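Input: a single structure, listed below in structure tokens.
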Amino acid sequence: MRAVLSLISGALFGGGLHISGMTDTARVRGFLDIAGAWDPTLAFVMGGAMVPMLVAWRLTRTRVPLTGGAFPAQPTQQVTRPLVFGSVMFGVGWGLVGLCPGPALASLSYGGWHGYVFLIAMLAGMWAVPPLRHALDRHATAA
């Protein structure tokens, strides 16, 4: 049951990204181009995602998931070095390519070889971060 619900949720998410145009790198780069031909579509898509999530956080305080287990705790408000580092890496990739991981995966079926290059680069970055983070933590401790 959980796998079926996950498949349906993923398909809805991918379909929503496609319908909203968020798999179009030109549209995403248009959002990032605040000094030029700014395209506010992404702001509306993000707002459209945050409002239901806000409601979901409020409604799930006393409920349990349909498939068992527990809902994840709300994230902390603390700004940490790993959060900043991850945010910078995400932003650099997003700015260079015009896609974040969700739309990139959604566009693999029709995006051509560029999508696969992005996927390989994203996986390489995910593989490289733990040793890099360990080295940075070791350096910070020694200083």
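The values are calculated or read from the model by the stated rules, or taken from the named source; none is laboratory data. Values in this document were obtained by computation on a predicted structure and should not be read as measured data. Here the Cβ is made from the backbone with ideal geometry for all residues, glycine too, and neighbour counts use every protein chain on show.
General remarks:
- Cβ pairs under 7 Å, 6+ apart, first in the range 47-67 and in contact (Cβ under 8 Å) with a residue 12 or more places away in the chain, second not polar (S, T, N, Q): T67/M1; T67/R2; T67/L5
- Some residue of the range 134-142 being in contact with a Phe, Trp or Tyr (Cβ under 9 Å, 6 or more places away or on another chain), more than 21 Å from I8 (Cα to Cα), hydroxyl-bearing (S, T, Y) and at pLDDT 80 or above: no
- The set of residues in the range 20-30 that are in a helix (DSSP H, G or I) and either over 16 Å from the mean Cα position of the chain (by Cα) or farther than 11 Å from W94 by Cβ (or both) comprises S20, A26, R27, G30.
- The test for being hydrophobic (A, V, I, L, M, F, W, C) and at pLDDT below 80 holds for L66.
- Criterion: among the β-branched types (V, I, T), in a loop (DSSP other than H, G, I, E, B) and modelled with pLDDT of 80 or more - qualifying residue of V79, V84, V55: V79
- Pairs, first more than 26 Å from T67 (Cβ to Cβ) in the range 7-22, second of a type in the set (K, R), C-beta under 7 Å, six or more apart: G21/R27
- Residue check, A35 outside any loop (DSSP other than H, G, I, E, B), out of contact with any Gly (no Cβ under 9 Å at 6 or more places or on another chain) and either at pLDDT 85 or above or surrounded by 12 or more Cβ atoms within 10 Å (Cβ to Cβ) (or both): no
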